Structure formats: C-alpha cells, structure tokens
Amino acid sequence: MNFMKKATGKKRQKKATEKKRQKKVTEKTRAQFDAILNFMAEDEWYKAEDFVKAVGVKETRTKELLRELVSMGKLADNGKTKGRRYRKI
C-alpha cells in the first residue's frame with residue numbers, strides 16, 4: 001500500500017512539471033533567468049546557494065529556476081541529489 005501512494009505521488013509530480021514547462025515565462029522570471037546566466041562564468045560549477053544573493057530570491061525559488069534552466073538546455077547539472085552543482089553550457 002505504501003508503495004502505491006509513492007508511485008502516485010511521483011506521477012502527479014511529473015504531470016505538474018510538464019504543466020510548468022507549458023506555462024508562459026513571465027518578464028520577472030525571464031529577468032531572474034538572465035541574472036543567473038549573467039552571474040555565471042564559463043566552465044565553472046556553482047551551488048544553488050551561490051545564486052541566492054545574485055538573483056534576490058530564496059533558495060527554494062532559486063532551485064526551481066535552476067531546474068527550469070536545466071530542462072531548457074541552458075545549464076548542466078552534475079546529477080547528484082545532495083550537493084548538486086550547475087554550470088553554463
């Protein structure tokens with residue numbers, strides 16, 4: 001029973017992520033994307049917390065923005081869950 005609940009939760013999360021991708025990107029979000037990309041240097045790895053002050057949002061929102069940039073193909077991540085780092089492509 002516990003397994004079924006977890007699987008259903010993952011499906012919901014996947015659908016929610018797909019819906020987010022289909023949403024229009026607002027001007028504010030676009031400005032936040034630009035702030036992240038302008039902050040980064042080529043061939044250097046960054047943690048999510050490095051962008052908190054640069055973008056001016058909390059760490060949770062910063063991670064959300066970074067995930068979107070990875071899905072858009074503008075950033076690469078190292079694939080680890082804990083200690084994830086990002087670099088410009």
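Restricting attention to segment 50-89, the residues that are open to solvent by 50 Å² or more (accessible area, probe 1.4 Å), outside any helix (DSSP H, G or I) and either in contact with a Cys (Cβ under 6 Å, 6 or more places away or on another chain) or of a type in the set (D, E, K, R) (or both) add up to 8. Restricting attention to segment 35-56, the residues that are in contact (Cβ under 8 Å) with a residue 40 or more places away in the chain and aliphatic (A, V, I, L, M) add up to 3.
Quick one: in segment 36-49, which of the residues that are surrounded by 17 or more Cβ atoms within 10 Å (Cβ to Cβ) and in a helix (DSSP H, G or I) is farthest from the chain's Cα centre (by Cα)? Only one residue fits best here, namely I36. Taking the criterion of being within 21 Å of K80 (Cα to Cα), more than 11 Å from the chain's Cα centre (by Cα) and β-branched (V, I, T), the only residue of segment 50-69 that qualifies is V52.
Restricting attention to segment 15-41, the residues that are of a type outside the set (A, V, I, L, M, F, W, C) and at pLDDT below 90 total 9.
The values are calculated or read from the model by the stated rules, or taken from the named source; none is laboratory data. Since we're looking at a predicted model, the values are computed, not measured. Counting neighbours? That spans all protein chains shown, and the Cβs are built from the backbone with ideal geometry, glycine included. The protein model used for the area step is the full one, side chains on, heavy atoms only, and it has no ligands, DNA or RNA in it. Shrake-Rupley method; radii C 1.70, N 1.55, O 1.52, S 1.80 Å.
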